[in-house]
Amino acid sequence: MMASETIKEKFVELQKSKQIPQNSRPKIQRVLKSLRNRKNFEKHYSPKCVSIGPIHHHNTNLILAEKYKLMWAAKYIENNGYIPEDLHKKIADNIDELKGHFDDDVLTSTRWSLAGFRSLEEKLSWMLFVDGCSLLYILEKANLNEPWHMNIKVDQLVLVMMDVLLLENQLPYQVLKLLWKMKTRVA
């Protein structure tokens, strides 16, 4: 039995369906409102101590952690012998692609408060640079038996370790790849 043209077209369509369109890739986004309304669900997406990425960046309850993130980022850069400007340039040079990893809603809310930055791209590149370096430092040094590496108390370290795993506290993996094991080091 010979397949009809309709069946042949359906097989072609089946083959094409394996390719994921660029616009349907998963993006870092806020938790759906339907999930936000669930009792006790906030602990799964809302940070208590430190924000990573743009979603909770301007949460006034997390402002103190911004200073810690700067310290951790500086320590990461120093410990690895990197040149900070070169690391930031890697992020800035890839900012258009990195923006594509975030939902439009996240970018819109980030744009609302540029706070001293000239553009969304400038603000986002700085945020991803600092948050990425600090996250890499956390991943390297966070140890409940040695909290002094982080310059915080054990109970705060527990919160930091929990916060970096939350749904709305994410960075694109590409940010970490750009900042980790970079070839440009201080001579």
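The values are calculated or read from the model by the stated rules, or taken from the named source; none is laboratory data. Computed from a predicted structure; not experimentally measured. FYI the Cβ positions are ideal-geometry reconstructions off the backbone, even for glycines, and counts take in every protein chain you see.
General remarks:
- Top-ranked residue in region 70-110 [being closer than 11 Å to Ser125 by Cα, in contact with a helix residue (DSSP H, G or I) (Cβ under 8 Å, 6 or more places away or on another chain) and free of Cβ contacts under 8 Å to residues at least 40 places away in the same chain; ranked as surrounded by the fewest Cβ atoms within 10 Å (Cβ to Cβ)]: Asp96
Every residue, every condition in (1) under 19 Å from His149 (Cβ atoms); (2) not hydroxyl-bearing (Ser, Thr, Tyr), yes or no:
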{"position": "His44", "(1), (2)": "no, yes"}
{"position": "Leu64", "(1), (2)": "yes, yes"}
{"position": "Tyr68", "(1), (2)": "yes, no"}
{"position": "Lys75", "(1), (2)": "yes, yes"}
{"position": "Lys90", "(1), (2)": "no, yes"}
{"position": "Lys99", "(1), (2)": "no, yes"}
{"position": "Phe102", "(1), (2)": "no, yes"}
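- Any hit, region 64-75, residues being in a helix (DSSP H, G or I), aliphatic (A, V, I, L, M) and over 17 Å from Phe129 (Cβ atoms): yes
- Of all residues in region 8-31, those that are at pLDDT 90 or above and of a type in the set (A, V, I, L, M) total 2.
- Scanning region 123-141 for residues that are out of contact with any strand residue (DSSP E or B) (no Cβ under 8 Å at 6 or more places or on another chain), without any contact (Cβ under 8 Å) to a residue 60 or more places away in the chain and part of a loop (DSSP other than H, G, I, E, B) turns up nothing.
- Any hit, region 41-63, residues being free of Cβ contacts under 8 Å to residues at least 40 places away in the same chain, outside any helix (DSSP H, G or I) and over 29 Å from Ala115 (Cβ atoms): yes
- Within region 111-122, considering residues that are closer than 17 Å to Gly53 by Cβ and not aliphatic (A, V, I, L, M), the one surrounded by the fewest Cβ atoms within 10 Å (Cβ to Cβ): Trp112
- Looking only at region 12-29, and only at residues there that are in a loop (DSSP other than H, G, I, E, B) and of a type outside the set (S, T, N, Q), the one that is surrounded by the most Cβ atoms within 10 Å (Cβ to Cβ): Lys27
- Index of the failed condition, Leu32 passing every other in (1) exposed (fewer than 13 other Cβ atoms within 10 Å of the Cβ); (2) in contact with a Phe, Trp or Tyr (Cβ under 8 Å, 6 or more places away or on another chain): (2)
- Scanning region 148-182 for residues that are among the β-branched types (Val, Ile, Thr) and surrounded by 15 or more Cβ atoms within 10 Å (Cβ to Cβ) turns up Ile152, Val158, Val160, Val164, Val175.
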